[in-house]
Every structure is written in C-alpha cells, then in structure tokens.
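Below is one structure, written out as structure tokens; the observations come after it.
Any read-out appearing in this document is the output of simple, stated calculations on the displayed coordinates, not a laboratory observation. A quick note: this is a predicted structure, and the numbers were derived from the prediction, not measured. Neighbour counts run over all protein chains shown; Cβ positions are idealised from the backbone, glycine included.
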Amino acid sequence: MKKFLQCIILSVTIVSISFGIYKFSKGYDLNLIYKNIDWSITNKSVEGAVSFTFDRANNLYIAFKDTIKVVNESNNEEVLIYDKSLNIYDIACSGDSIIIATDNRVIAYDLSNKEFRDIVTGLPNLGINNKTNITLKDEYLYITIGSNTNAGIVDEGNKNEDIASFEWVSTGIGYNGNYGFTKFGQVVNSGEKIKEGMLSNASILKYNLNTGKLSTYATGIRNVEGIATNSMGELTAIVGGMNEEGGREVKDDVDYIYDIKEKAWYGWPDFSGGDPITSPRFSDGTNKLSYIIENHPTETPLPPRYQHNSLQSLKGLAIDYEGKCFPKDTVIFADNKENCIYVLTELGTSKAIVSLDKNSYIEKIRYNNSSIYLLDSKAGCIYKIQGEINNSSFNLPNIIWIFIAILVIAIVMTIIYKVKNKRKNK
C-alpha cells in the first residue's frame with residue numbers, strides 16, 4: 001500500500017511538472033472557447049509592432065514606428081526599411097510596393113528600386129485621433145482620417161480644429177467659448193457658414209492606385225480602429241465613440257462596428273451610433289448637449305451593425321471573405337478590455353471565440369491564406385487561428401486536454417505497476 005501511494009504521488013508530480021513545462025514553454029496564454037479551431041504562434045519578439053501585412057508570396061511584413069521587417073516562408077528575417085523620419089501607423093501590400101501610412105502622409109515603397117513616392121500628403125490628422133488605417137481591395141486604397149477633437153470642439157489642451165467635410169452652417173452654440181470646426185477662441189454666430197476642406201477630418205478616402213484619382217468615400221466617422229473589406233468589396237470598420245472629455249463632454253458612449261457605404265454621412269459630431277447627441281443616453285443632466293451643425297446631410301444617419309458595451313475597447317478587425325475559417329464574410333475583432341476575440345453573428349450579436357492573456361493587446365487582425373492572424377504588440381507575438389466553426393458548442397482549451405491525457409496515462413501506468421507487484425508477491 002505504501003508503494004502504491006508513492007506511485008500515486010509520483011504520478012501527480014509528473015503530471016504537474018508536465019503541465020508546468022507545457023504552460024511556460026509556450027510563454028503565451030490563449031484559450032480557445034469554441035471547438036474546431038486551433039491556434040499557433042507564427043512569430044515572436046515583435047513587441048511594439050504597430051501593423052503587419054502579407055504579400056502574394058505569403059511573405060510577412062511587420063511594421064514598427066520607423067522600421068519594417070520582412071519574414072519569408074522559411075522564417076528568415078531581415079530589415080527592409082529603417083528610416084527615423086517615419087512614424088508608421090499602418091501598412092499594406094500592393095503588387096511590388098509596400099503602402100505605408102505615416103504621420104500625415106500615405107506613401108509607397110517600391111520593393112524593386114528601393115524608393116519612396118507620395119500617394120497622399122497633407123492629411124489633417126493632427127489631433128487626438130491621428131492614427132491612420134489603410135486597407136486595399138483590388139486597385140482601391142481606403143485611407144481613414146480621424147477627428148482632431150473628441151466631439152467637434154477644441155479646448156485648451158487640444159487646439160487642433162477639425163476640417164469640415166461639408167460646408168456646415170453653424171448653430172452658433174459654443175462650449176466654453178469655442179465652436180464647432182473653428183479655431184480656438186474664434187466666435188461663430190448662428191447661421192454662419194464654415195467652409196469644407198479638400199481633405200476633411202472624420203472621413204475615409206478612396207484612392208485609385210491605377211489612375212491616381214482621390215475622392216472622399218464616407219464622412220462623419222470619428223475614429224477608425226480597424227477596417228477591412230468583404231467578398232463583395234464592401235467596407236466594415238470599428239468606430240470609436242465619444243469620450244467624457246474636452247469642451248463638449250459626452251457620457252456613456254460606446255464603440256461600434258459599421259458597414260461603411262459610399263457617400264454616406266455617419267453623424268459625427270452631432271450623432272453617435274445613429275442616435276442624436278441630444279439623446280438622454282449621452283447625458284446625466286449635468287452636461288447639456290446641443291447640435292453644433294444646423295444643416296445635417298440627413299436627419300437620421302445610418303445605424304451601426306453592432307453596438308458594443310464599452311468605450312475604447314475594440315481594436316483590430318478582419319473579415320473571412322473566403323469562408324475558410326468561419327462562415328463567409330464573418331467579421332472578427334478584438335476587445336482589449338475584456339481580452340477576448342469575437343466574431344459577429346448573423347443576428348448582429350457578438351460571440352467570444354478566444355480568450356487572451358490579461359497582458360495582451362491586439363493591435364491589428366488580418367485574414368490571409370485561409371487563416372486569421374492577430375498582432376499582440378504587448379506580448380510581442382503574432383497568433384494564427386485556423387479551422388472552421390460549425391456550431392457554437394463550447395470546447396475545453398487544448399492545454400486542459402493535454403493535462404487530462406497525461407493524468408490518464410499516469411494512472412494507467414500506476415495500475416500496471418501495482419498489478420506487476422502483486423504477481424511478484426505471489
């Protein structure tokens with residue numbers, strides 16, 4: 001009996017050590033909630049990375065603030081670009097060029113001749129939402145421009161006014177002596193017109209890479225935190241809600257996911273999530289909010305496809321436009337507050353598919369070659385998710401199954417050992 005107990009203790013010790021070795025050798029904590037999908041780590045040591053993309057040969061490009069590295073399919077890595085003048089926000093591949101969103105420009109780097117050329121310059125992204133996102137669909141490049149202010153009004157801490165996307169007519173209503181789409185301290189009267197700019201804040205641009213034609217695709221979009229196209233070339237984007245800060249404080253707003261239609265105005269800064277800023281949902285009675293624009297392009301802007309439950313949470317968005325990992329055109333996005341990866345259902349609700357480590361921060365999500373890739377800039381790795389979700393059945397994480405398997409093997413070995421000892425004693 002004593003030897004049997006010793007074997008049990010030994011088995012438990014072996015299982016615990018095995019569990020620990022597996023856990024800490026991975027170095028990353030990612031748990032799958034639904035079955036029939038699997039994950040792996042494709043790249044490590046990418047702390048501080050801001051974006052990544054793939055070319056047609058499946059070479060991986062990883063962007064940092066002033067550097068872009070390329071990793072081929074053999075996992076050989078080299079520095080492609082190092083330029084201290086860059087402040088990279090996003091990258092994309094187009095043929096033999098790398099498209100780079102940096103500071104207030106979008107430029108192209110030719111992989112053949114190693115030269116840069118300008119695509120769009122003078123973006124008015126000078127304020128709080130200055131990070132430009134880009135995405136490609138065939139010959140079209142989509143470029144996001146965030147708002148300079150929280151809710152259309154400058155303040156002492158942020159004097160970068162927003163550039164209007166239409167010729168606005170002001171309501172003449174100001175906040176702490178400041179008015180919508182005007183410079184700090186400039187007085188605007190009711191009925192006064194505010195001129196539109198060639199390039200405007202809170203908008204998405206459309207650029208034809210073949211012809212060089214540039215146009216405004218959609219407006220009234222405060223700040224995009226992730227953008228992608230589906231199988232039909234239609235845009236979907238994460239749009240951040242307004243904060244309780246600045247001269248025009250907005251309470252209890254949240255993040256959204258919108259399907260972006262061409263020529264549509266989505267309401268910022270007088271609407272959010274399809275609701276007017278005057279709605280009680282944005283005020284507790286202490287912050288009286290009024291319109292700052294008299295001539296809204298539409299009385300009721302298009303509503304979001306999905307409304308989240310918190311603010312400054314959602315980041316990174318991809319679409320399975322082939323239907324290889326998930327049902328065709330499924331939207332995948334991250335919540336960096338809850339540390340989860342979600343998919344949007346056909347009913348417009350979200351389902352968690354992956355639970356991340358509490359120290360994770362998903363910066364970008366991409367779909368490539370039948371897999372979903374997630375850039376965790378805080379953990380310093382790129383995850384790969386592949387497989388297919390056939391239903392919503394819960395599944396234990398792989399690490400738990402490994403633990404169970406090792407435990408079963410240990411118990412079986414212990415029983416065999418005990419039986420052998422009994423035979424010897426006979």
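Taking θ = phi - 60°, what integer Hz values does the Karplus form 6.51 cos²θ - 1.76 cosθ + 1.60 yield along the range 183-198, in sequence order, with x for Gly and Pro?
Karplus-based 3J(HN,Hα) across the range 183-198 equals 5, 4, x, 7, 8, 10, 8, 4, x, 6, 8, 10, 5, 7, x, 4 Hz.
Quick check: residue separation of Lys328 and Thr349 times 0.36 nm, minus the Cα distance between them. What number comes out in nm? Kindly include the intermediate steps, with their values, before the conclusion.
Values: separation 21, 0.36 × 21 = 7.56 nm, distance 1.64 nm.
Length gained between Lys328 and Thr349: 5.9 nm.
Starting from the amide H of Ser51, placed 1.01 Å from N in the peptide plane, find each other amide H under 5 Å away whose residue is 5 or more places distant or on another chain.
Result for Ser51 returns Ala63.
Give, in nm to one decimal, the length gained when the segment between Asp138 and Glu262 is fully stretched (0.36 nm per residue of separation minus the Cα-Cα distance).
Details: separation 124, 0.36 × 124 = 44.64 nm, distance 1.65 nm.
Length gained between Asp138 and Glu262: 43.0 nm.
With just the Cα atoms of the range 109-207, tell me how far they stretch along each of the three principal axes, in Å, largest first.
54, 26, 17
Kindly rank 140-149, 327-336, 292-301 from highest to lowest mean number of other beta carbons found within 10 Å of each residue. Spell out each step's value before the answer.
Details: 140-149: 25.6, 327-336: 21.1, 292-301: 16.1.
Answer by packing, highest mean first, reads 140-149, 327-336, 292-301.
Consider just the alpha-carbon atoms of the range 270-387 and return their Rg together with their Dmax, both in angstrom.
Radius of gyration, then largest Cα-Cα span, for the range 270-387: 17.6, 52 Å.
Mind listing P(r) for the range 41-396? All alpha-carbon pairs, 20 Å bins, whole percents.
Per 20 Å bin, starting at zero, the Cα-Cα P(r) for the range 41-396 comes out as 30, 57, 13, 0 percent.
Collect residues whose amide H, placed 1.01 Å from N in the peptide plane, falls under 5 Å from the amide H of Gly226; neighbours closer than 5 in sequence don't count.
Result for Gly226 returns Ile238, Gly316.
Among rounded, prolate and oblate, which fits the range 198-247 when a ≥ b ≥ c are the square roots of the eigenvalues of its C-alpha gyration tensor, a/c under 1.5 means rounded, and a/b larger than b/c means prolate? Show your work: numbers first, answer last.
Values: a/c = 3.75, a/b = 1.55, b/c = 2.43.
Note, shape of the range 198-247 comes out oblate.
In the range 41-396, with Lys and Arg counted as +1 and Asp and Glu as -1 at Cβ, which of these residues, Gly146, Asn210, Asn43, has the Cα nearest the positive end of the dipole, that is, farthest along it?
After comparing all options, I get Asn43.
At q = 0.12, 0.15, 0.19 Å⁻¹, what log₁₀ I(q)/I(0) does a Debye calculation on the Cα points of the range 210-349 give, no solvent, two decimals?
-0.52, -0.79, -1.14
Residue by residue through the range 37-50, what is 3J(HN,Hα) from phi via Karplus (6.51 cos²θ - 1.76 cosθ + 1.60, θ = phi - 60°)? Round to whole Hz and write x for glycine and proline.
Here the 3J(HN,Hα) series is 10, 9, 9, 8, 9, 8, 8, 10, 6, 10, 4, x, 5, 10 Hz.
What dipole magnitude, in Debye to the nearest 20, does the range 41-396 give about its Cα centre under +1 on Lys/Arg Cβ and -1 on Asp/Glu Cβ? Mind showing how you got there, number by number?
Numbers: 34 positive and 47 negative charges, 39 e Å.
Dipole magnitude for the range 41-396 comes out near 180 debye.
On average, how much area does the Cα convex hull of the range 33-129 cover when viewed from any direction, in nm²? Write out the running numbers ahead of the final one.
Details: hull surface 34.5 nm².
Mean projected area of the Cα convex hull: 8.6 nm².
So for the chain, averaging the separation of alpha carbon pairs under 8 Å that are six or more residues apart and normalising by length, what relative contact order in percent results?
Details: 1029 pairs, mean separation 71.5, N = 426.
Worked out over the chain, it gives 17 percent.
Measure nothing fancy, just the Cα-based angle from helix 2-26's long axis to the longest principal axis of the chain, in degrees from 0 to 90, nearest 10.
The answer is roughly 30 degrees.
Can you give the charge dipole size of the range 170-303 about its Cα centre, rounded to the nearest 20 debye, using +1 on the beta carbon of Lys and Arg and -1 on the beta carbon of Asp and Glu?
Working: 12 positive and 17 negative charges, 110 e Å.
I would put it at about 520 debye.
Could you pull out the pairs from Lys213/Lys364; Lys193/Lys315; Lys263/Lys364; Lys69/Lys195 whose alpha carbons sit more than 32 Å apart here?
Violating the 32 Å limit, Cα to Cα: Lys193/Lys315; Lys69/Lys195.
Applying the Karplus parametrisation 6.51 cos²θ - 1.76 cosθ + 1.60 with θ = phi - 60° to the phi angles of the range 210-224, what ³J(HN,Hα) value in whole Hz is obtained for each residue in order, glycine and proline being reported as x?
Values per residue, Gly and Pro as x: 7, 9, x, 6, 10, 9, 8, 7, 8, 9, x, 10, 4, 7, 8 Hz.
If amide hydrogens are placed 1.01 Å from N in the peptide plane, which non-local residues have theirs closer than 5 Å to the one on Asn339?
Amide H neighbours of Asn339, under 5 Å, 5+ apart: none.
Which residue, Gly233, Asn160, Asn339, has the largest displacement toward the positive end of the dipole of the chain when charges sit on each Cβ (Lys, Arg +1; Asp, Glu -1)?
Projecting each Cα onto the dipole axis, the largest value belongs to Asn339.
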